[in-house]
Each structure stands twice: as structure tokens, then as C-alpha cells.
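Worksheet for the structure shown next.
The values are calculated or read from the model by the stated rules, or taken from the named source; none is laboratory data. Since the structure is predicted, the reported quantities are computational estimates derived from the model, not experimental observations. Note that we place each Cβ from the backbone using ideal geometry, even for glycine, and neighbour counts take in every protein chain shown. Keep in mind that these areas ignore ligands, DNA and RNA; they rest on the heavy atoms of the full protein, side chains included. Shrake-Rupley method; radii C 1.70, N 1.55, O 1.52, S 1.80 Å.
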Amino acid sequence: MELFKPFSKAALVKALACGSALLMLAACAQSQRALEEESQSSRGLPVFRMNLGTEPPDLDPVKISDLTSFTVIQNLMRGLTYYDKGLKPQPAVAERWDRSADGMRYVFYLRPNARWSDGKPVTAGQFVDAWQRALTPETAADYAFFLYEIKNAKAYYEGTLKDFSKVGVRALNDQTLVVELERPTPFFLDLLAAPIALPFRKDLYARYGERYTEAGHFAANGPYRLAAWAHDDYIRLTPNPYYYGEKPAVAVKMVMVNDTNTSTVMYENNELDFIETTTSIASFDVRRLRKSPDAHVNRIHRINYFGFNLKKPPFDDVRVRKAFAMALDRNYYPKLLQSGQKPIKSWISPGLVGYNDSVGLAYNPEKARQLLAEAGYPDGKGFPDVTLAYRTLYDIQKEAEIAQYLWKKNLNVDVRLQNMEWKVYLSQLRQDASNLYMMGWFVDYPDADSYMSMMIGDSGNNYTGWKSERYDSLVSQAVVTLDADKRQKLYDDAQRILLEKDAVMVPTYQAEKTWLLKPWVKGLEINALNLISLDHLKINRKQ
């Protein structure tokens with residue numbers, strides 16, 4: 001755990017403009033470590049090497065709420081549906097389905113050849129088991145609310161219904177699953193591609209308990225199997241011999257190198273085949289690397305934001321929250337980080353119904369100082385100790401330092417910075433979030449609801465302690481509103497409560513992804529949801 005002193009503007013610009021020679025030396029040392037040779041694998045396949053950046057907090061699908069874990073699990077597992085390149089849900093374990101005319105009932109027909117990596121069949125009952133587990137409060141599934149569209153699912157989760165047989169999901173037989181909904185939900189098939197909706201092996205959990213996700217215990221039903229998991233070092237995937245679709249032509253090694261300078265040097269030394277800005281490329285290096293013939297760039301549905309814990313002072317006072325929001329000049333991020341950041345006040349990204357660049361609190365340092373004075377802290381005097389918590393990562397640290405500088409400059413308040421390893425950070429957010437924290441949100445499905453439902457009162461990803469019945473109602477209405485103009489109005493009203501009236505969070509920018517891929521690799525797919533598909537990889541290092 002490390003604390004940082006406030007940066008002066010000059011020091012901040014200097015820190016962002018250059019890399020560290022010591023880190024480059026560390027990267028050279030890293031290159032001497034025993035990465036597997038390209039041709040090594042248990043099946044004699046070439047190995048695709050990428051960087052996760054950190055240890056996945058969990059590979060239990062019902063507990064996953066972070067991108068690192070999802071990057072691994074989406075290549076190990078398949079649900080009833082799966083996204084195509086155009087972000088449309090396509091048949092996966094369900095080879096087809098019927099939907100009632102009113103959109104309230106689905107019948108899914110599972111592939112008879114869908115099998116787990118140990119050869120056992122994937123059954124409809126395993127989906128029922130998974131969803132019951134997810135909706136059991138003791139499981140503490142952050143994404144349980146994804147299943148609330150199912151009839152009586154929310155009542156079961158909240159304990160007002162004790163009999164799970166009355167929840168709208170049942171297996172008619174091993175290959176037929178029936179699902180009844182509370183209301184017509186246009187994106188219900190999208191939700192079924194999420195980790196929370198994946199099937200579950202009760203027999204493995206009964207045998208191994210929480211360790212059922214370890215290599216040697218874990219059964220996958222997707223294109224890859226979990227061949228090895230050396231914690232805090234690497235994960236190795238090999239093709240699942242029982243996968244119903246086309247078998248992968250490569251093995252995969254996912255290393256866990258937290259330092260972006262090191263991972264970039266590893267790529268340049270041909271020790272990695274793929275790096276990207278989320279985990280492996282520092283912001284200051286993006287401009288240089290974009291000139292590479294290996295470079296690719298695409299905009300993604302991700303917004304970075306600052307969240308306030310409303311249960312802790314001084315952010316239990318809305319005037320302080322508004323002051324911090326208005327003291328933040330979002331234009332600093334693209335200017336100093338220079339890696340494609342697009343300043344944003346809205347909590348919905350461009351391209352989705354609900355985006356509105358007029359909502360949110362704009363930069364207004366004079367008004368910010370006035371609000372802080374009204375809250376009892378004129379010119380920052382008497383302001384209590386405040387800690388901004390964030391994930392240990394170079395770029396995230398720089399973003400924190402920018403905010404720290406702006407709050408000092410515009411409000412004359414000192415904000416301490418506290419970085420944490422990713423798994424520890426997530427645990428702290430869930431148990432007792434810092435009074436100020438920084439996160440990024442990747443949408444889970446291509447709809448504004450993925451942003452808006454994240455902040456409803458009973459969402460496992462809402463760490464603010466805030467709940468608004470009016471906000472929840474507006475978001476709920478928007479789900480079933482097909483008219484785009486009416487839906488826009490509902491989201492505008494909801495965002496003004498979230499971002500302006502209650503000032504619960506402060507969106508900062510929409511991200512742009514830069515990634516580098518070696519010319520000998522073909523078939524890597526990355527979409528606007530930042531999903532990295534390794535299904536169709538081909539490697540020919542002789543070219």
C-alpha cells in the first residue's frame with residue numbers, strides 16, 4: 001500500500017511525459033524468465049501469449065464482476081447465447097429457441113453435443129442450478145440483478161419467496177429449458193451471454209468447494225479448458241476436446257505482468273504476441289506505438305468515473321460531492337494521457353440510446369469553491385482527510401494524480417492517494433469502500449441499461465451506498481420502453497438525478513482501445529464491449 005503526495009502541475013506533466021529507465025531494466029530481467037517456447041504445449045500446438053495484467057480475482061462465474069476474470073472465463077465457458085462481431089446474441093449452448101408472441105416466455109433447445117471438458121453433457125438442469133445459486137442471497141453474486149427479469153427471481157433473492165420452483169425457470173428434460181419473464185425485455189438474450197447466466201456443475205462444487213475453479217478441478221464447456229493456473233504468474237488454456245464448435249488451433253498463455261512498461265518491452269522482445277491499453281500499454285507510450293504496423297485502434301463502451309461513498313463524511317454532504325465534480329476539468333485527461341480519451345459528463349456512452357452530452361455537472365471551479373464554502377470549508381479550510389482509492393496500475397495512478405492536482409488547485413484540499421492490488425481493491429469496495437474511489441465500467445451488453453442498472457440501489461456494483469426509488473423506477477421503465485424518444489427522456493431524467501441532483505458519481509472520459517498484434521497471429525477478435533475472443537486464432541511464426 002503506497003501513498004502519494006500531491007503533484008505540482010510541472011511535476012505532473014513531467015511524470016506523464018517520460019517512462020522509467022529502471023522499469024525498462026526490469027523488463028529486460030523479465031525477458032530472462034522462463035516463458036514457454038512458442039511451440040510448447042501438451043498437444044504440440046503453437047502458444048498465443050498475452051498479458052492479463054493481474055491475477056483474476058475469481059473464475060467462479062457467479063462471482064465475476066471484473067474484466068480480468070471475464071477475459072479468462074469467456075474463453076472457457078459458453079452460456080445459452082454468445083455475441084457475434086456485430087454484438088448480436090447468437091446461439092451457443094442453445095442451438096435455437098422459441099419466444100412467445102408477448103415476449104414473456106422462452107423455450108431453449110440445447111445442443112445434444114454440448115459437453116464439458118471432462119466429457120459430461122451440458123444439461124438444462126445445470127442452468128437451473130446456476131441461476132438458483134446466483135439468486136441465493138448467501139452467494140453474494142454482484143450480478144444477481146441480471147436475472148431479475150425472470151419471473152419471481154427478485155422476490156426469491158430478497159427472501160419474500162422461499163420456493164425456487166416458483167421462479168420462472170425449469171428444465172423440461174436435459175435438452176429443454178423454459179424461462180418465463182416478469183415483463184418483455186428486449187435485451188434478455190444479451191443477458192444470457194453474461195457470466196452470471198453460465199451453467200454450473202453442482203457435483204464439482206460438492207467435491208471441491210470454493211476450489212472447484214482451480215486447474216484440475218474446473219470443467220469448461222467452451223472452446224478452451226483450464227490447463228494450468230499458477231497464481232499471480234500465469235494461466236494456461238488448451239483446446240477443449242469436447243467443444244461443440246470448431247476446435248481452437250492454438251494453446252494460450254496469459255501472464256500476469258502488472259507493469260505496463262514491462263509488458264510493452266516484452267512485446268517488443270517477441271515474448272508477447274498481443275498487448276492492449278487496458279492492461280499492457282502505458283498512456284505515454286500510445287502515440288509511439290500507434291505508428292507501428294502492428295497497431296489497431298477502436299472506440300469501446302467504457303467510461304471511467306469517480307465514485308463517492310455517501311455513508312462516509314465529507315461526501316455525505318451533496319454540496320461537497322458537487323464541488324468535487326465541478327472542480328474536475330475533464331480536458332486534462334486527453335491532454336496529459338494522450339491515448340484517445342474522450343471527455344464525457346454523461347453516464348451513457350455515445351452510440352447508445354440515452355447518451356446526452358448536456359447532462360452531468362460541467363467544469364465550474366468558481367461554483368465549486370462556493371459550494372465547498374457553503375458546506376463549511378471556505379477555501380478548503382478545515383477539510384477532513386480524504387483518500388482516493390484506486391487499482392495499482394501505472395495509467396490509473398496518473399489519472400488519480402490529475403484529479404489530485406485539480407482538487408488542490410481549484411478547491412485547496414489535499415487528497416491522499418492509495419493504490420491496491422486489483423483483487424484486494426475489489427474486496428475493499430464490496431466490504432467498505434473508501435470515501436472516494438476510482439473505477440472504469442465496461443458495459444456487459446450493448447444497451448444503455450448496462451450503464452444505468454449498475455447504479456440501481458440493489459446492484460452489487462454500486463459501491464456508493466446510494467439508493468433512489470425514483471432513479472430505480474425510471475431505469476425500470478426505460479427497460480420496457482421501445483420508443484427511442486421516450487426512452488431517451490427516461491434516461492435523461494434518471495441521469496440528472498444520478499449526476500446532478502444527487503451527484504453520486506463523476507464520469508470523466510470514454511476510452512479508446514489501442515492494441516498491438518504480431519503479424520504472425522490471425523483471427524483475434526475484439527469488439528466494442530472489449531470482449532477478447534480467442535476462438536479463431538491461427539499462428540504462423542514462419543511468415
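Residues considered: 144, 249, 155, 219. Of these, the only one that is touching a helix residue (DSSP H, G or I) at 6+ places or on another chain (Cβ under 9 Å), of a type in the set (A, V, I, L, M) and over 30 Å from residue 104 (Cβ atoms) is 219.
Of the helices (runs of 4 or more DSSP H) lying entirely inside the stretch 368-457, those containing at least 2 residues that are within 22 Å of residue 329 (Cα to Cα) and in contact with a helix residue (DSSP H, G or I) (Cβ under 8 Å, 6 or more places away or on another chain) are 394-411. Of the residues 220, 227, the single one that is out of contact with any His (no Cβ under 9 Å at 6 or more places or on another chain), buried (at least 18 other Cβ atoms within 10 Å of the Cβ) and part of a loop (DSSP other than H, G, I, E, B) is 220. Counting the residues of the stretch 110-128 that are closer than 14 Å to residue 176 by Cα and surrounded by fewer than 23 Cβ atoms within 10 Å (Cβ to Cβ) gives 8. Out of the residues in the stretch 77-87 that are touching a helix residue (DSSP H, G or I) at 6+ places or on another chain (Cβ under 9 Å) and not β-branched (Val, Ile, Thr), which is nearest to residue 241 (Cα to Cα)? Taking the candidates together, the pick is 77. For first residues located in the stretch 333-359 and free of Cβ contacts under 8 Å to residues at least 40 places away in the same chain and more than 13 Å from residue 449 (Cα to Cα), partners that are of a type outside the set (D, E, K, R) and part of a loop (DSSP other than H, G, I, E, B) and lie 6+ apart or on another chain with Cβ distances below 7 Å form the pairs 357/346. When you scan the stretch 287-298, do you find a residue that is in a loop (DSSP other than H, G, I, E, B), open to solvent by less than 60 Å² (accessible area, probe 1.4 Å), closer than 27 Å to residue 47 by Cα and among the polar types (S, T, N, Q), even just one? Yes - at least one qualifying residue is present in the stretch 287-298. Against the numbered list (1) on the phi < 0 side of the Ramachandran plot; (2) in contact (Cβ under 8 Å) with a residue 40 or more places away in the chain, residue 247 comes up short only at (2). As for the stretch 191-209, it holds no residue that is assigned to a loop (DSSP other than H, G, I, E, B), in contact with a strand residue (DSSP E or B) (Cβ under 7 Å, 6 or more places away or on another chain), free of Cβ contacts under 8 Å to residues at least 40 places away in the same chain and more than 26 Å from residue 431 (Cα to Cα). For the stretch 82-105, a tally of residues being surrounded by fewer than 23 Cβ atoms within 10 Å (Cβ to Cβ) and either within 18 Å of the chain's Cα centre (by Cα) or not in a loop (DSSP other than H, G, I, E, B) (or both) returns 12. Checking every residue in the stretch 362-369 against the condition of being without any contact (Cβ under 8 Å) to a residue 40 or more places away in the chain, small (Gly, Ala, Ser) and open to solvent by 50 Å² or more (accessible area, probe 1.4 Å) gives at least one match.
When restricted to residues that are out of contact with any helix residue (DSSP H, G or I) (no Cβ under 9 Å at 6 or more places or on another chain) and either open to solvent by 30 Å² or more (accessible area, probe 1.4 Å) or part of a helix (DSSP H, G or I) (or both), the stretch 322-345 contains 3.
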